[in-house]
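Notes for the one structure printed next.
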Amino acid sequence: MKIHLDLLYSMLRIRKIEEGIADYYPRQKMRCPVHLSIGQEAVAAAAGLALNTADYAVSTHRGHAHYLAKGGDLKAMLAEIHGKAAGCSRGRGGSMHLIDQSVNFMGTTAIVGNSIPIGVGLGLASKLEGNQRISCVFVGDGAIEEGVFYEAANFAAVKKLPVLFICENNLYSVYSPLHVRQPVGRKIHEMVAAMGLSTSATDSNSAKDILEIIQSAVKQVRNGNGPHFVELATYRWREHCGPNFDNDLPYRAEAEFLAWKELDPLKHLTDELLAENIISQSELEKLSATLEQEVDSAFIFAESTPFPNPEEAYLDEYYTGH
Ligand SMILES: Cc1ncc(C[n+]2csc(CCOP(=O)(O)OP(=O)(O)O)c2C)c(N)n1
Ligand SMILES: [Mg+2]
């Protein structure tokens, strides 16, 4: 199916971009923290395909993949991570402040939970305007522990807002596993269902399954049924913040990482599409090479484009455009 090819393309592109960031990070030209979502790409890529460009999306500190999947400009993202004037936040925000209003990607924030009410507010705006746009709010399992989630989700439910919450449950908030943070056995989506939101969930790491569940959630929200909350099981392969692996740290076991790596949604989708003759080995190699070229030239741009003029830091009109 064509959409599965698009899914593969988007996942592979995000993987290569984030691997590029990890590889180049030690050169010390990117001086902001980076939270990579290598291993989690299926969720972002599926959401990017299920949403329309007119739909809104907001995300978190771990937002590169969501920005890219929604159609955010790659060069502007890498320039931002390099602190450059051509960055999507003009070099002031770094990796955790990504925005591309041309595709209605309305921002990421460093404060856990902070983008949730913004996303719900965008849903309220859509409802008041009577348009068909839905608002997608990406959250982690840790963000569900912030009080603002309950206020915002409750408001969305009461007002029947067109908001889709996509929760990437990667089992950890920094170094704290779920079981030290939430009662053992309590499922996040069941708790949210008790708040009056419709919910769905899957433990599957098949990119095709993830696409299907997000597509049906989008449809439901767009049809005016109020907010929906999807919980997806996933796993971040690298350290919480930074380009490295951290399997030497005691907070999670190497065996756990290896078990999730076996489930790699990108590898499995690639194998499936090869077996189904939807893509050939040589087409895959060509795609890989094209993406690597795109990533290389975006890095060359980000490294060579100028830093902002220091005087701009003190100009109020810089923000307002007046
Ligand atoms: C309000 C707030 N509290 C704590 C932090 C520190 N912090 C940054 S990321 C993070 C973990 C969030 O976990 P989760 O929402 O599951 O996202 P993940 O990092 O797993 O993608 C924490 C606690 C913060 N940035 N903001
Ligand atoms: Mg998490």
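The values are calculated or read from the model by the stated rules, or taken from the named source; none is laboratory data. Since the structure is predicted, the reported quantities are computational estimates derived from the model, not experimental observations. All Cβ positions, even for glycine, are placed from backbone atoms using ideal geometry, and neighbour counts span all protein chains on display. The area values use the complete protein model at the heavy-atom level, side chains included, leaving out ligands, DNA and RNA. Shrake-Rupley method; radii C 1.70, N 1.55, O 1.52, S 1.80 Å.
Could you pull out the residue among L258, L232, L269 that is in contact (Cβ under 8 Å) with a residue 40 or more places away in the chain and either open to solvent by 50 Å² or more (accessible area, probe 1.4 Å) or in a helix (DSSP H, G or I) (or both)?
L269
Please give the number of the condition E151 fails out of (1) open to solvent by 40 Å² or more (accessible area, probe 1.4 Å); (2) part of a loop (DSSP other than H, G, I, E, B); (3) touching a residue at least 12 places away in the same chain (Cβ under 8 Å).
Answer for E151: the failing condition is (2).
Tell me, which residue of segment 153-179 that is polar (S, T, N, Q) and within 11 Å of ligand 1 (Cβ to nearest atom) is farthest from M195 (Cα to Cα)?
Per the stated criteria, the residue is S176.
What pairs can you find where one residue is in segment 157-177 and open to solvent by less than 10 Å² (accessible area, probe 1.4 Å), the other is outside any loop (DSSP other than H, G, I, E, B) and among the polar types (S, T, N, Q), and their Cβ atoms are less than 8 Å apart, with a gap of 6+ or different chains?
L161/S126; L161/S135; V163/S135; L164/S135
One line per residue, one yes/no per condition, for (1) among the acidic types (D, E); (2) touching a Phe, Trp or Tyr at 6+ places or on another chain (Cβ under 9 Å):
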residue: D55; (1), (2): yes, no
residue: H61; (1), (2): no, no
residue: H64; (1), (2): no, no
residue: L78; (1), (2): no, yes
residue: A85; (1), (2): no, yes
residue: G91; (1), (2): no, yes
residue: D100; (1), (2): yes, yes
residue: T108; (1), (2): no, yes
residue: S115; (1), (2): no, yes
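Name the residue, out of G39, G83, that is of a type outside the set (K, R), in contact with a Cys (Cβ under 9 Å, 6 or more places away or on another chain) and at positive phi.
Answer to the selection: G83.
Inside segment 72-115, can you point out the residues that are within 16 Å of ligand 1 (Cβ to nearest atom), in a loop (DSSP other than H, G, I, E, B) and open to solvent by 20 Å² or more (accessible area, probe 1.4 Å)? Lay out the reasoning, then the answer.
Start the filter on segment 72-115 by keeping residues that are within 16 Å of ligand 1 (Cβ to nearest atom), which leaves 93-98, 107-115.
Filter once more, keeping what is in a loop (DSSP other than H, G, I, E, B): 93, 97-98, 109-114.
G93, H97, T109, A110, I111, V112, N114, listed by residue number.
Among the residues of segment 41-60, how many are touching a helix residue (DSSP H, G or I) at 6+ places or on another chain (Cβ under 7 Å) and open to solvent by 10 Å² or more (accessible area, probe 1.4 Å)?
Counting residues in segment 41-60 that are touching a helix residue (DSSP H, G or I) at 6+ places or on another chain (Cβ under 7 Å) and open to solvent by 10 Å² or more (accessible area, probe 1.4 Å) gives 7.
Out of everything in segment 25-34 that is assigned to a loop (DSSP other than H, G, I, E, B) and out of contact with any Ser or Thr (no Cβ under 7 Å at 6 or more places or on another chain), what residue ends up being surrounded by the fewest Cβ atoms within 10 Å (Cβ to Cβ)?
Q28
Just give me the residues in segment 272-283 being open to solvent by less than 80 Å² (accessible area, probe 1.4 Å), assigned to a helix (DSSP H, G or I) and in contact with a helix residue (DSSP H, G or I) (Cβ under 7 Å, 6 or more places away or on another chain), in sequence order.
L273, L274
Could you look through segment 134-145, keep only residues that are within 16 Å of ligand 2 (Cβ to nearest atom) and outside any strand (DSSP E or B), and pick out the one that is surrounded by the fewest Cβ atoms within 10 Å (Cβ to Cβ)?
Only one residue fits best here, namely E145.
Is there a residue being in a helix (DSSP H, G or I), within 16 Å of ligand 1 (Cβ to nearest atom) and modelled with pLDDT of 95 or more anywhere in segment 118-133? Outline the logic, then answer.
To start, the set of residues in segment 118-133 that are in a helix (DSSP H, G or I) comprises 118-129.
From the residues that got through so far, the ones that are within 16 Å of ligand 1 (Cβ to nearest atom) too are 118-119.
Add one more test, that the residue is modelled with pLDDT of 95 or more, and what stays is 118-119.
Among the residues of segment 118-133, at least one is in a helix (DSSP H, G or I), within 16 Å of ligand 1 (Cβ to nearest atom) and modelled with pLDDT of 95 or more, which makes the answer yes.
For A156, are the conditions met, namely being away from ligand 2 (no atom under 16 Å from the Cβ) and modelled with pLDDT of 95 or more?
When the stated conditions are applied, A156 passes them.
Determine which member of the set S102, S37, S59 is within 16 Å of I17 (Cα to Cα), modelled with pLDDT of 95 or more and polar (S, T, N, Q).
Testing whether each residue is within 16 Å of I17 (Cα to Cα), modelled with pLDDT of 95 or more and polar (S, T, N, Q) leaves just S37.
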